[in-house]
Each structure stands twice: as C-alpha cells, then as structure tokens.
Amino acid sequence: MWYAYFDPLYWVLILVGGGLSLLASLLVKGTFSAYSNTPSRTGLTGAQVAQRILRANEISDVQIEPVAGELTDHYDPRSRTLRLSQSVYGSNSLAALGVAAHEVGHAIQHANGYAPLGLRSAWVPVANVGGGLSMIVILIAFMLGGVQTVVGTAAAWIGIALMGTTTLFTLLTLPVEFDASRRALRTLREGEIMDPEELAAARKVLTAAALTYVAAFVTSALMLLYYAYRLGLIGGRRRD
C-alpha cells in the first residue's frame, strides 16, 4: 500500500480533504474571533447563559465547569457535565453565548432522549475499533491482490467496512450538531437572551462550526472511496 503515497489521485484527495478542513477551521476561528470582542446586550457570561437555558428546560442534574484550551467546549453525557472553554465560560461576548448555547443543546438532546445523539454515542467504540483496524486489513487486502483473488476480495470488503465505521460516525455527527445549533438559536430567541441582530451573529458562529463537521465527513468519505477504488471494489479497477 506504500505505492499510494506516489499516486496522484491520493494526493489530490488529500489536498481536497485537507483544504476543506483547513478552511473550515480558519472560518471557525475567524468568526469566533470577530464576535469574541462584541459584548452581549444582557451582559450574561457563557456559563450564566448555559445555566439559564438548563433551568428553562427543567434540567437540574447537569454540572457546568470550565475547561482549559480554546474551543474545547463539549458536553459529556456520561458524567452529565457541560465543559466550557475559558474564552466561553466567563465571557459575555456574542461568540461565547452562541457556543455555550450550542453545547447546552446537546444536554437538552440527552435529557430528551434524542435518538441520533444516543446512536452516535453508542457508535463511538465501534468507530474507534474499526478505525484502528481498517488500515491493517486494507494493507493485507492489497498484499493479497485485492479483487484479483477470492481471499483478497474478502479482505478488501472487510477493510472497507471497518473504515466505513469512522465515515458513518462523521455522518451521524451531522444531524446531532445541526440540531444542537437549532435548539441553541431557538432558546436564545425565545428566552430573549439575544435580540435579532445578536442572533444573526450567533448563527454565523454556529454555522462556521458546523462546517468543520461537514469537512470531516467529506474527507472521510473521500478516503473510503479512494481505497475502495484502488482495491477494485468500485469503478472496475484492479490493483495497479
């Protein structure tokens, strides 16, 4: 499989996927930075907004705590803990409130038994195992000749199926993240935490963040298709 590193198609896909990921990351950081210096009308911090939204949704068993790093915000369903980065937890900027509300959206999903969130959480160990084994099995498939042999074909399908577990995880992530942002914007509006102009800014921050998940899915899907193509499983190609 070492020959893939000399394959122009491989590098084209790497550049496309890497380029998308880089652009999405730059857009998130740029958008967050643009609104991180704009204070909200209410003066509430990210932690305070998160607590207010939790109370409004009658959720009392979720803890809120700061976490080190930049844009490391996340909700941990196992410990029912909402962790907000330092630039969000104590900040009253529009960017901070948007991010905090988004993470609370995941807590609301968890409390309401939102099926895609449960499915994604359950799929994590499958994707971890599949992703860890996929390249080993794909290498074996190449060594066995891919679709040129019966054993190679079987190994190729197994390897692609294992790699597909990570692609499926990135796909399952999309509705979960989009729904969390939708819940966040609706709560910010209905709770009168933000006015229409502020909501527009929060929407830009959340939209930029969502693009990172789209880029992750596209990149994963491109790599899956590449190896399926080179192994001869699609496109009628056999190993060169």
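Nothing in this text is a laboratory measurement; each read-out follows from the coordinates by a stated rule. Just so it is clear, the structure is predicted and the values come from calculations on it, not from any experiment. Note: ideal-geometry Cβ built from the backbone for every residue, glycine included; neighbour counts use all protein chains shown.
Before moving on, here are some points about what is shown:
- Relative contact order of the chain, defined on C-alpha pairs under 8 angstrom at six or more residues apart (%): 24 percent
- Calculated SAXS-style log₁₀ I(q)/I(0) at q = 0.10, 0.15, 0.17, 0.19 Å⁻¹ - region 32-171, Debye, Cα scatterers: -0.50, -0.77, -0.88, -1.00
- Using alpha-carbon coordinates, inclination of helix 8-35 to the longest axis of the chain, degrees: 0 degrees
- Using the Cβ-Cβ distance between Ser79 and Ile158 with R0 set to 35 Å, the FRET efficiency from 1/(1 + (r/R0)^6) comes to roughly 0.50.
- Helix-derived mean residue ellipticity, 222 nm - over the chain, DSSP H n ≥ 4, -39500 (n - 2.57), to 500: -24500 deg cm²/dmol
- Size-normalised alpha-carbon gyration radius of region 155-240, reference 2.2 N^0.38 Å: 1.59
- Using the Cβ-Cβ distance between Ser60 and Ala221 with R0 set to 35 Å, the FRET efficiency from 1/(1 + (r/R0)^6) comes to roughly 0.30.
- Counting DSSP beta bridges with both ends in region 1-138, the antiparallel % (nearest 5): 45 percent
- Counting every other Cβ atom within 10 Å of each residue's Cβ, Leu22, Leu168, Leu117 order from fewest to most as Leu22, Leu168, Leu117.
- The GNM of the chain, with springs linking C-alpha atoms under 10 angstrom apart, assigns the highest mean-square fluctuation among Val205, Val88, Val62 to Val62.
- Computed label-point distance, nm, for sites Glu192 and Lys29 using a 7 Å Cα→Cβ extension: 4.0 nm
- FRET E, pair Arg41, Leu15, Förster distance 35 Å, beta-carbon r, rounded to 0.05: 0.20
- For region 108-171: Kirkwood Rh in Å [reciprocal of mean 1/r, alpha carbons]: 12.8 Å
- Here Glu190, Glu177 are placed in order of increasing Cβ neighbour count within 10 Å, fewest first, which gives Glu190, Glu177.
- The angle separating the long axis of helix 196-230 from the principal Cα axis of greatest extent in the chain is about 10 degrees.
- Inter-label distance, Ile136 to Val151: 1.8 nm, where each label sits 7 Å from its Cα along the C-beta direction.
- Distance distribution note for the chain: the fraction of Cα pairs above 31 angstrom is 35%.
- Each residue in Ser25, Ser36 was given a count of other beta-carbon atoms within 10 angstrom of its own, and listing them fewest first yields Ser25, Ser36.
- The phi torsions of region 140-153, fed into the Karplus equation with coefficients 6.51, -1.76 and 1.60 and a -60° offset, translate into couplings of 4, 4, 5, 5, 8, x, x, 6, 6, 10, 5, 5, x, 4 Hz, rounded to whole numbers, with Gly and Pro shown as x.
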